2 protein chains.
Amino acid sequence: MTKMKFKLIKTDNKARLGKIESKYGSFETPMFMPVGTRATVKTLSPEELYDCGCGIVLANTYHLWLRPGEDLVKKAGGLHRFMNLNRPMLTDCGGYQVFSLAKPKDISEEGVKFKSHIDGSNLFLTPEKSIEIQNKLGADIIMSFDECPPASASHEYMKNSIERTLRWAERGKKVHSNKDQMLFGIIQGGPYEDLRKQSALGTVAMDFDGYSIGGVANDGESKEDMYKAIDYSTPYMPEDKLRYLMGVGEPIDILEGVSRGVDIFDCVLPTRIARHGNAFTRDGKLNIKNAKYKEDFTPIEENCDCYACKNYTKAYIRHLINVDETFGQRLLSIHNIRFLIKLTEEVREAIKEDKFLEYKKDFIKKYSKK
Amino acid sequence: MTKMKFKLIKTDNKARLGKIESKYGSFETPMFMPVGTRATVKTLSPEELYDCGCGIVLANTYHLWLRPGEDLVKKAGGLHRFMNLNRPMLTDCGGYQVFSLAKPKDISEEGVKFKSHIDGSNLFLTPEKSIEIQNKLGADIIMSFDECPPASASHEYMKNSIERTLRWAERGKKVHSNKDQMLFGIIQGGPYEDLRKQSALGTVAMDFDGYSIGGVANDGESKEDMYKAIDYSTPYMPEDKLRYLMGVGEPIDILEGVSRGVDIFDCVLPTRIARHGNAFTRDGKLNIKNAKYKEDFTPIEENCDCYACKNYTKAYIRHLINVDETFGQRLLSIHNIRFLIKLTEEVREAIKEDKFLEYKKDFIKKYSKK
């Protein structure tokens, strides 16, 4: 395996056009990453992801650690071979899932104690363990272990937290053994400008292969606070390294992220909302269960190039969702993932033509009109 | 739409090789039909069915009558267009589902009263209504409305039942308005030789486009009784019409059916057992949840040409089934459907070479060995 390479190609104001090269293929950034929580993007095949223009897929360290276990994945030849996925991959560090299961008193300098969400057994995750698991899973990009406190945490709590996360990042970097994997540092600090700066400077000083902005979009913070958290972080991030905004997938948030200099995004949103019958469209989200689509024999979106829109009507997909047939979720998931990836394609085109801000303005105007 | 055509090509002992031609494509028989209960074969796309060599798909009148309703399907342009399925289709008459919901006292000469399994509302299905619904759904082959009593019913009950079913067949034939659809009569009579004969002769006398053998495989009857029920029916079925054995999909039962002169089969088995982690193999069924497959990085079956076997390992599919990811069910469903269709392909080749009985013997020996 060879390490993935990132190259910044051009900027348009703060928006960035970049290129990733890896043994699993090349793609341009900005890019949206679908989430394959348990080594599968819910209901979809790898080929369906390729058809959506998918450049890279995320998988969850916490879930794969528990089932099937990182040793099995390693024996299978790593995540790509296990899943038969011929695209670059990224794993998170497990922190986000772990901290939603742990109590504050269970967080120590050493690591985090918590109970398995499957069988209640006692588990302990440390920065070293997280990296060891991710080394075995074998994704192209892996994350340092971080604490991910709610944005509502006090300044005092947050300051202690980011300083510990810096020490954890150092420990993880030290044990990182698979030098063909890019290791990223994660910038935290909640809504506090001084702490975002401190976290960013401290993390960047360790010279990681790339940087993530964490702690946004995780507990109902306002959009303004989310955008500020990005604004407080990006000025300290090096130009030549990939920038990843974690857990963000609302179309407008992707555009706001790009406009602040972010390159890649991930979110469960496109597959999660599909299960409830929701679909992204240029004119905002629609819910296919709505009675007005009962006899609507047009596609979810006219002119959409996805498999669902080229072959099926709203009336049919509505029926499938109403009777709980998974093919309905599959069609909506394909549409939603294609929608977000198409959005990033258009963003890239706009950056190339120095028209990103115009594109963003037009998209948001139409999307928010309802 | 043009009516489907069936032609008997050759026989090998009682086994028959036939050919179906229709505006939705041609296929040879014997053929196994996957079941698309609610206008979708669970978890699969039409393209995946084509890749399995699928010649024809069944859909359930009862389920589609309730949701989304036959009028909506008609407005969509019929089942093929609604589902975007470019293959011939067959609908059952609703009887099988209705009789499992109705009590004996609710069956009258006029029809059957029963409660919806969805909302408990009162419903009434008659021979005329069943045909009217099927005319609107627009499948290529539709079924007469029949009572489907358990094989354990008394001779007296069964005699009354088949005589009523003959009167129902006559009534349905009278109202059948879409002459581009083939209408089949159904032979009942349970395990009773005289009643199978009476039902077969009475049904054939009405000159239907094809004939089904019903009332088998529906309440734990012995295999011997099932095979006898076929033996008692086929001698009275015309050579030049298609013969359909309803609800049968166990590999050995398909071979026993073919050896008695049956042409097409349907069953939910391949998709239903997939949901529980079961896969057909030449050496019998296997359950992928079995611990011995945990680190088995070989396909479900070596040399199988299905998408699942060409791309994924038992260890990966086992993981997906264990964590309840639908992509696992999808892979097993593809394998199981391909398995049964491949079985009928091999049967056709064997009949062409007058080696069917040899093929059947070898298959059963290997399949039953464990």
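The values are calculated or read from the model by the stated rules, or taken from the named source; none is laboratory data. Small disclaimer: the values here were computed from a predicted structure and weren't measured. Methodologically, a virtual Cβ is constructed for each residue, glycine included, from the backbone with ideal geometry; neighbour enumeration extends over all protein chains shown. With ligands, DNA and RNA removed, areas are computed over all heavy atoms of the protein, side chains included. Shrake-Rupley method; radii C 1.70, N 1.55, O 1.52, S 1.80 Å.
Miscellaneous remarks
- Residue within the stretch A:338-345 that is facing chain B (nearest Cβ under 10 Å) and either open to solvent by 10 Å² or more (accessible area, probe 1.4 Å) or in a loop (DSSP other than H, G, I, E, B) (or both) present: no
- Looking only at residues of the stretch A:303-319 that are in contact (Cβ under 8 Å) with a residue 24 or more places away in the chain and not in a helix (DSSP H, G or I), we find that the one that is nearest to the chain's Cα centre (by Cα) is A:Cys306.
- Positions within the stretch A:118-131 being open to solvent by 70 Å² or more (accessible area, probe 1.4 Å) and touching a residue at least 24 places away in the same chain (Cβ under 8 Å), in sequence order: A:Ile118
- Qualifying residue in the stretch A:277-291 (condition: within 14 Å of chain B (Cβ to nearest Cβ), small (Gly, Ala, Ser) and under 22 Å from B:Asn84 (Cβ atoms)): no
- Any hit, the stretch B:325-336, residues being surrounded by fewer than 18 Cβ atoms within 10 Å (Cβ to Cβ) and modelled with pLDDT of 95 or more: no
- Within the stretch B:351-362, the set of residues being open to solvent by 10 Å² or more (accessible area, probe 1.4 Å) and either assigned to a helix (DSSP H, G or I) or within 14 Å of another protein chain (Cβ to nearest Cβ) (or both) comprises B:Lys352, B:Leu357, B:Glu358, B:Tyr359, B:Lys360, B:Lys361, B:Asp362.
- Looking across the stretch B:249-302 at every residue that is assigned to a strand (DSSP E or B) and touching a residue at least 12 places away in the same chain (Cβ under 8 Å), the one that is most open to solvent (accessible area, probe 1.4 Å) is identified as B:Asn278.
- Hey, A:Glu224 open to solvent by 10 Å² or more (accessible area, probe 1.4 Å) and over 21 Å from the mean Cα position of the chain (by Cα) or not: no
- The residues listed here are A:Tyr244, A:Tyr227; of these, the one that is part of a helix (DSSP H, G or I), at pLDDT 95 or above and within 20 Å of A:Asp266 (Cβ to Cβ) is A:Tyr227.
- Qualifying residues in the stretch B:43-98 (those that are of a type in the set (Asp, Glu) and within 14 Å of chain A (Cβ to nearest Cβ)) - the one nearest to B:His117 (Cα to Cα): B:Glu70
- Residue in the stretch A:52-73 that is within 30 Å of A:Arg275 (Cβ to Cβ), aromatic (Phe, Trp, Tyr) and either touching a Ser or Thr at 6+ places or on another chain (Cβ under 8 Å) or open to solvent by 10 Å² or more (accessible area, probe 1.4 Å) (or both) present: yes
- Residue within the stretch A:320-333 that is over 20 Å from A:Glu47 (Cβ atoms), assigned to a helix (DSSP H, G or I), away from chain B (no Cβ under 14 Å) and in contact with a Phe, Trp or Tyr (Cβ under 8 Å, 6 or more places away or on another chain) present: no
- The set of residues from the stretch A:165-177 being more than 17 Å from A:Leu201 (Cβ to Cβ), in contact with a strand residue (DSSP E or B) (Cβ under 9 Å, 6 or more places away or on another chain) and open to solvent by 50 Å² or more (accessible area, probe 1.4 Å) is empty.
- Candidate set from the stretch B:24-42 (those that are among the small types (Gly, Ala, Ser) and open to solvent by less than 10 Å² (accessible area, probe 1.4 Å)); member that is farthest from the other protein chains (Cβ to nearest Cβ): B:Gly36
- Within the stretch B:23-41, residues that are within 20 Å of A:Thr326 (Cα to Cα) have Cβ atoms under 6 Å from residues that are surrounded by fewer than 23 Cβ atoms within 10 Å (Cβ to Cβ) and of a type in the set (Val, Ile, Thr) in these pairs: B:Val35/B:Val268; B:Arg38/A:Val323, counting only partners at least 6 apart in sequence or on another chain.
- Some residue of the stretch B:289-297 being modelled with pLDDT of 95 or more, out of contact with any Gly (no Cβ under 7 Å at 6 or more places or on another chain) and aromatic (Phe, Trp, Tyr): yes
- Selected residue [in contact with a Ser or Thr (Cβ under 9 Å, 6 or more places away or on another chain), over 16 Å from B:Pro149 (Cα atoms) and surrounded by fewer than 16 Cβ atoms within 10 Å (Cβ to Cβ)] from B:Asp240, B:Asp180: B:Asp180
- Of note, B:Ala217 does not satisfy the criterion of being assigned to a helix (DSSP H, G or I), of a type in the set (Gly, Ala, Ser), farther than 29 Å from B:Lys23 by Cβ and open to solvent by less than 60 Å² (accessible area, probe 1.4 Å).
- Qualifying residue in the stretch A:183-196 (condition: assigned to a helix (DSSP H, G or I), open to solvent by 10 Å² or more (accessible area, probe 1.4 Å) and not aromatic (Phe, Trp, Tyr)): yes
- Look at (1) at pLDDT 95 or above; (2) open to solvent by 10 Å² or more (accessible area, probe 1.4 Å) and you find that A:Ile162 fails only one, number (2).
- Any hit, the stretch B:132-153, residues being assigned to a helix (DSSP H, G or I), among the basic types (Lys, Arg), open to solvent by 10 Å² or more (accessible area, probe 1.4 Å) and touching a residue at least 40 places away in the same chain (Cβ under 8 Å): yes
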